[in-house]
Amino acid sequence: VQLQASGGGLVQTGDSLRLSCADSGRTFSSGVLAWFRQAPGKERAFVAAIRSTDGSTYYADSVKGRFTVSRDNGENAVYLQMNSLKPEDTAIYYCAARNSLVVHYTRQQYRYWGQGTLVTVSS
């Protein structure tokens, strides 16, 4: 599994941004695909996750109603649509994957990681 995240950038408060994460090795079969983020000086934190089999989604309270996670099983990709962005959303965003279908909210439970993409929201 080789995850590659993209789509970050510099936006203003209230703008939208869509992150993408593809498995370039196309070896991820099933499990949970997730997004985490790490702001400067903070721990890497869970943002959202989706189960590849049934599409069930899970969100951190801080992004509920603003972010939407989706996947394209045919393309082995997961997306994070981020709307109504706030300065506190500024962070490096990482995609992650685990083969188990059990959703976890801690980074230690995810085996595969992408390289991260920087999102900066200016006020």
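Thr68 contributes about 70 Å² of solvent-accessible surface, heavy atoms of the protein only, 1.4 Å probe. Think of a 1.4 Å ball rolled over the protein heavy atoms: the chain then has 50 Å² of accessible area per residue.
Amide H to amide H distances under 5 Å link Leu85 with Gly14, Asp15, where only residues 5 or more positions off or on other chains count and H is placed in the peptide plane.
State the percentage of accessible surface on the chain attributable to carbon and sulfur atoms; use a 1.4 Å probe and exclude ligands, DNA and RNA. Here carbon and sulfur together make up 45 percent of the probe-accessible area. Each Lys and Arg adds +1 at its Cβ and each Asp and Glu adds -1 at its Cβ; summed about the Cα centre, the chain shows a dipole of about 220 debye.
Please identify the longest segment of the chain free of exposed trypsin sites (Lys or Arg not before Pro), where exposed means a DSSP state other than H, G, I, E or B and no more than 15 other Cβ atoms within 10 Å.
After excluding every exposed loop site, the longest remaining stretch is 67-110.
Inter-label distance, Ala45 to Arg18: 2.6 nm, where each label sits 7 Å from its Cα along the C-beta direction.
The values are calculated or read from the model by the stated rules, or taken from the named source; none is laboratory data. Here the structure is a predicted model, which means the values were calculated and not measured. We place every Cβ from the backbone using ideal geometry, glycine too, and count neighbours over all the protein chains shown. Remember, those area values only see protein heavy atoms, side chains included, never the ligands or the DNA or RNA. Shrake-Rupley method; radii C 1.70, N 1.55, O 1.52, S 1.80 Å.
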